[in-house]
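Chemist: Let me begin by handing over the structure; questions about it come next.
The values are calculated or read from the model by the stated rules, or taken from the named source; none is laboratory data. What you are looking at is a predicted structure, and each value in this text was computed from that prediction instead of being measured. Please note: Cβ atoms are built from the backbone with ideal geometry, for glycine as well, and neighbour counts cover all protein chains shown. Only protein heavy atoms, including side chains, enter the accessible area calculation; ligands, DNA and RNA are left aside. Shrake-Rupley method; radii C 1.70, N 1.55, O 1.52, S 1.80 Å.
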Amino acid sequence: MAPSATLSTTIEDPPQPATKQQNAGIAPKTHDTDASSNIQELDASALVLTRTTHPKAIPDASELETMNVTTDHMITCTWTSTTGWQTPQLIPYGPLSLLPTASVLHYATECFEGMKCYRGHDGLIRLFRPDQNCIRMRTSAARISLPDFDPKQLQQLIATLARVEGEKWLPKSEPGTFLYLRPTLIGTEPGLSLRGPKEALLYIVALRFPTMNGPQVVTSSDDAVSVENEGAAAQGLKLLASSEDMVRAWPGGFGFAKVGANYGPSFLANAEAIERGYDQILWLFGPQNEITEAGASNFFVVWVTQNGGLQLVTAPLKDQVILNGVTRRSVLDLARTRLQSSMGGVNSLEVVERKFNMADIEQAVDEGRMVEAFVCGTAV
Ligand SMILES: *Cc1c(COP(=O)(O)O)cnc(C)c1O
């Protein structure tokens with residue numbers, strides 16, 4: 001797999017022969033670090049593939065809008081505290097079987113990832129920095145008492161699902177299409193005892209979402225040309241600042257982890273934003289109204305400082321209140337490597353991760369120093 005420094009990973013390199021993987025699945029390897037233990041590590045090379053006999057038809061654009069179009073297959077792997085990770089399986093997409101007392105259903109022992117697999121204009125299928133998502137999922141799992149795993153093994157499972165589904169679901173004739181991949185880990189142990197689950201299930205599903213770049217509208221006048229996407233993006237997003245009784249995350253909490261428990265309680269604030277004519281909620285924290293993030297995406301502003309310099313600002317990771325977005329990090333990396341020194345007549349941009357609040361924004365707007373604000377995340 002690609003080193004973490006590369007932006008994307010091509011996943012069409014050597015196709016894995018299914019028979020070899022099936023053989024490997026019969027006798028899963030164990031990676032014992034301790035000779036007395038039979039606890040197995042997550043082992044992507046042991047994957048057993050069972051292909052569907054009822055492949056789905058690829059739905060038309062209007063059906064994709066439902067955000068509920070799953071592909072033909074999913075990957076599953078069970079874990080118990082006494083045996084470790086079992087043989088991973090690629091199987092037809094379908095319902096899970098859980099007992100009503102399963103840990104996840106009562107105590108929200110769940111974490112997930114969201115990433116995309118793209119059909120490029122050069123015909124290749126790529127994942128974007130999948131190593132970052134796999135490392136983050138391990139961090140999230142630890143916060144919610146779910147089992148540990150080698151992130152490289154998870155990445156290999158994700159790449160296999162992308163490879164199996166990409167060929168059909170991302171036709172070569174449709175560059176720019178993508179699958180949204182959702183690796184998920186849940187506590188499945190039945191019983192209502194208040195402790196980390198001793199049984200868990202890892203699964204990865206893929207959904208075909210509608211493409212996001214709508215038709216472009218180009219307008220020109222004597223002194224300006226503007227290119228905008230049709231629809232919401234043309235007007236920009238309107239964010240509603242969260243109220244005091246709607247706090248997404250707090251220092252010492254779990255806002256930094258992609259755990260399901262962060263999202264259910266946020267829908268109420270989001271619904272209010274939509275009802276009042278906004279697109280998203282802007283999550284504030286504390287008496288100073290510090291700006292953290294927006295919906296499930298990270299938030300940036302570009303402003304001119306009081307000293308006259310151009311600055312890109314986003315909230316810091318230090319307090320563990322915001323999600324460490326892969327897109328956030330990529331924006332910061334790109335800005336630091338490409339924009340920090342002036343080139344080609346473009347002013348240099350100072351890149352800062354620091355706390356900032358609503359008063360700072362109001363002042364910048366009042367003083368005419370605000371340049372732009374944007375949100376970023378894989379899904380949006
Ligand atoms: C997933 C998520 C993001 C964006 O992270 P990416 O890795 O860029 O997709 C930002 N904030 C929250 C709360 C999220 O759940």
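Chemist: Just checking, how many residues over the stretch 280-292 are within 15 Å of the ligand (Cβ to nearest atom), free of Cβ contacts under 8 Å to residues at least 60 places away in the same chain and not hydroxyl-bearing (Ser, Thr, Tyr)?
Modeler: Residues meeting the conditions: 4.
Chemist: Which of the residues belonging to the stretch 53-89 are more than 20 Å from Tyr180 (Cα to Cα), outside any loop (DSSP other than H, G, I, E, B) and open to solvent by 50 Å² or more (accessible area, probe 1.4 Å)?
Modeler: Scanning the stretch 53-89 gives a single hit, Thr78.
Chemist: Same structure, new question: Please go through the stretch 333-357 and pick out each residue that is within 16 Å of the ligand (Cβ to nearest atom) and over 21 Å from Met137 (Cβ atoms).
Modeler: Result: Leu334, Ala335, Glu353.
Chemist: Checking the conditions here, which among Phe267, Phe256 is within 15 Å of the ligand (Cβ to nearest atom), exposed (fewer than 15 other Cβ atoms within 10 Å of the Cβ) and either modelled with pLDDT under 95 or of a type outside the set (S, T, N, Q) (or both)?
Modeler: Phe267
Chemist: Quick test of your reading of the structure: Ser330 fulfils all but one of (1) surrounded by fewer than 18 Cβ atoms within 10 Å (Cβ to Cβ); (2) more than 16 Å from the ligand (Cβ to nearest atom). Name the failing condition by number.
Modeler: All conditions are met except number (2).
Chemist: Taking only pairs six or more apart or across chains, which ones have beta-carbon atoms under 7 Å, a first residue in the stretch 305-331 that is at positive phi, and a second residue that is away from the ligand (no atom under 14 Å from the Cβ) and part of a loop (DSSP other than H, G, I, E, B)?
Modeler: Taking only residues 6 or more apart or on different chains, the pairs are Gln320/Pro251.
Chemist: While we're on this one: Can you name the number of the only condition in (1) modelled with pLDDT of 95 or more; (2) under 27 Å from Ile135 (Cα atoms); (3) among the hydrophobic types (A, V, I, L, M, F, W, C) that Ala379 fails?
Modeler: Of everything listed in (1) modelled with pLDDT of 95 or more; (2) under 27 Å from Ile135 (Cα atoms); (3) among the hydrophobic types (A, V, I, L, M, F, W, C), Ala379 misses just condition (1).
Chemist: Can you say whether Ile158 is touching a strand residue (DSSP E or B) at 6+ places or on another chain (Cβ under 8 Å), closer than 16 Å to Leu202 by Cα and in a helix (DSSP H, G or I), as far as the supplied structure shows?
Modeler: Against the criterion (touching a strand residue (DSSP E or B) at 6+ places or on another chain (Cβ under 8 Å), closer than 16 Å to Leu202 by Cα and in a helix (DSSP H, G or I)), Ile158 qualifies.
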